[in-house]
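Here's the structure, in structure tokens; my notes come after.
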């Protein structure tokens, strides 16, 4: 009988280990999916940041009296550059987007600016980058939702607590 008991205990330990490993790997897979979204998103944000000085140069040459909006864009752009994590970067990006939209709204007051080819081309590229960033935010939120939901569902929630997985914040989309 003791031999049978040892076999049963080993089977229980084996099943528990398989359960633990399978659920741990599930959480790691979801976390990696979230992490895979970030480099592309960061690249899009950097592309947009690199377009901002070109846009501001066109604005400075035509709309000399709009220094306040130019300064707010410069400040928002530096906040994006200083952000250390995805959540802070997305918040800073939202401020930059709002400042740029304010600039685009003022552009109609300056006919020579609206007809400037550099302004038109750069504005179109920035708007395209913003749309792609918004798509990336949606994808991030979907992946974060999957990761967070896995931590809520039994039995994966037990593994999440055991290995101290933290839920991810969702990104606010315009």
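Brief remarks on what is shown
- All positions within segment 37-81 that are in contact (Cβ under 8 Å) with a residue 60 or more places away in the chain and farther than 17 Å from residue 102 by Cβ: 37, 38, 40, 41, 44, 45, 47, 54, 57
- Among (1) over 18 Å from residue 53 (Cβ atoms); (2) at pLDDT 85 or above; (3) loosely packed, with under 14 Cβ neighbours inside 10 Å - the single one residue 124 does not satisfy: (1)
- Residue among 98, 76, 124, 92 that is part of a helix (DSSP H, G or I) and out of contact with any helix residue (DSSP H, G or I) (no Cβ under 9 Å at 6 or more places or on another chain): 124
- Residue in segment 52-75 that is within 30 Å of residue 167 (Cβ to Cβ) and surrounded by 15 or more Cβ atoms within 10 Å (Cβ to Cβ) present: no
- Some residue of segment 17-25 being within 30 Å of residue 164 (Cβ to Cβ), modelled with pLDDT of 85 or more and crowded, with 16+ Cβ neighbours inside 10 Å: yes
- Every condition in (1) surrounded by fewer than 16 Cβ atoms within 10 Å (Cβ to Cβ); (2) on the phi < 0 side of the Ramachandran plot; (3) in a loop (DSSP other than H, G, I, E, B) holds for residue 164 except the one numbered (2).
Per-residue answers, yes or no, for (1) surrounded by fewer than 18 Cβ atoms within 10 Å (Cβ to Cβ); (2) modelled with pLDDT of 90 or more:
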{"site": "100", "(1), (2)": "no, no"}
{"site": "107", "(1), (2)": "no, no"}
{"site": "117", "(1), (2)": "yes, no"}
{"site": "120", "(1), (2)": "yes, no"}
{"site": "133", "(1), (2)": "no, no"}
{"site": "139", "(1), (2)": "yes, yes"}
{"site": "152", "(1), (2)": "yes, yes"}
{"site": "160", "(1), (2)": "no, yes"}
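- Of the residues 50, 32, the single one that is closer than 26 Å to residue 119 by Cα, out of contact with any strand residue (DSSP E or B) (no Cβ under 6 Å at 6 or more places or on another chain) and in a helix (DSSP H, G or I) is 50.
- Residue 119 in contact (Cβ under 8 Å) with a residue 60 or more places away in the chain, part of a helix (DSSP H, G or I) and under 30 Å from residue 62 (Cα atoms): yes
- The residues on offer are 12, 28, 69, and the sole one that is more than 16 Å from the chain's Cα centre (by Cα), modelled with pLDDT of 90 or more and farther than 30 Å from residue 169 by Cα is 12.
- Of the set (1) in a helix (DSSP H, G or I); (2) farther than 19 Å from residue 39 by Cβ; (3) without any contact (Cβ under 8 Å) to a residue 24 or more places away in the chain, all apply to residue 154 but (1).
The values are calculated or read from the model by the stated rules, or taken from the named source; none is laboratory data. If you're wondering where the values come from, they're calculated on a predicted model, not measured in any experiment. Positions of Cβ are generated from backbone atoms using ideal geometry, with glycine treated the same way; all protein chains shown enter the neighbour counts.
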